[in-house]
């Protein structure tokens, strides 16, 4: 049986939305950068364009010129409009646009003269993601043109060949294969899905060529482990909180016992020392601190008569020894030592530091 020749016409998307930019990371060798077209980029580009279109602040008011091969940027080339971009939409596989075709543009895409779009982005609207690897994220669309040599691969063709229903075809496998042959856009989508599935399989610890059943089985295991882990988190959190409270109680009891052991009875003094002691890392450090700060006072000796120690010579009658200079020197030494102690013990207040310094110097 001879296979009939079928004259196919080019068909526009049924919903009127054209795929103008595919998601992915697209190197631009001429500019030396990698364009990251992810969900954030698509959302920003669509929102910015629609807002400018509503406000009438696009270069041509409420629409954007669609030329061919970026000719409108060359003063020596024509600026004929092949269409006017009116609206953008962010979808899972990239950015889609609504277009009002001109007579020239309609003829060019209906006849298959042009099959793809090429986007334009200004440097001012590129957000740097990794300067070392020159990865950038576009945030606003600067222009759109028709081309047959798109740099950003993976976009759907502007028009696809209309396919006949298999029910209306002659019962000949060769004819069905010919009519149902995938387009370049279909092949790109299939390849992207295969690449994605391979990456998912490797992330799950499977081979890159693992079957979908194996991948789904591994995902079920991951979800089950996550559910089991979440079920254990709540009781563990409560147990940790209980243990922390018990540790705090034990610390408070131990600090109170140490204050008692060092004879600190005055409630005001205990209240001042307790926060200082609670910040110390262990009991050994606390005991050393208390031993130094709350040392037992030496037995005070009060002679019955005034003592004069000046080379064995008694002072003139009716006059006391002049100790003003010695007292000032001693006071200065005490204050200097107090400052040193505060540097050694950051939680030591001024009053406690002075007491410690005085006891050291007078001992």
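Restricting attention to the range 268-305 and to residues that are part of a loop (DSSP other than H, G, I, E, B) and under 42 Å from the mean Cα position of the chain (by Cα), the residue that is modelled with the highest pLDDT turns out to be 282. Elements of the type strands (runs of 3 or more DSSP E) sitting completely within the range 1-108 and holding at least 1 residues that are in contact with a strand residue (DSSP E or B) (Cβ under 6 Å, 6 or more places away or on another chain), surrounded by fewer than 16 Cβ atoms within 10 Å (Cβ to Cβ) and without any contact (Cβ under 8 Å) to a residue 24 or more places away in the chain: these cover 24-28. A count restricted to the range 185-235 and to residues that are in contact with a strand residue (DSSP E or B) (Cβ under 8 Å, 6 or more places away or on another chain) and surrounded by fewer than 11 Cβ atoms within 10 Å (Cβ to Cβ) stands at 0.
Of the numbered criteria (1) surrounded by fewer than 15 Cβ atoms within 10 Å (Cβ to Cβ); (2) part of a loop (DSSP other than H, G, I, E, B), the one residue 155 fails is (1). For residue 205, the criteria (1) at positive phi; (2) part of a helix (DSSP H, G or I) hold in every case but one, which is (2). Restricting attention to the range 218-233, does a residue exist that is assigned to a loop (DSSP other than H, G, I, E, B), in contact (Cβ under 8 Å) with a residue 12 or more places away in the chain and not assigned by TED's automatic domain parsing to the domain that holds residue 24? Within the range 218-233, none of the residues are assigned to a loop (DSSP other than H, G, I, E, B), in contact (Cβ under 8 Å) with a residue 12 or more places away in the chain and not assigned by TED's automatic domain parsing to the domain that holds residue 24. Of the residues making up the range 109-124, those that are in contact with a strand residue (DSSP E or B) (Cβ under 8 Å, 6 or more places away or on another chain) and surrounded by 17 or more Cβ atoms within 10 Å (Cβ to Cβ) number 7.
The values are calculated or read from the model by the stated rules, or taken from the named source; none is laboratory data. Just so it is clear, the structure is predicted and the values come from calculations on it, not from any experiment. Note that each Cβ is placed from the backbone with ideal geometry, even for glycine, and that neighbours are counted across all protein chains shown.
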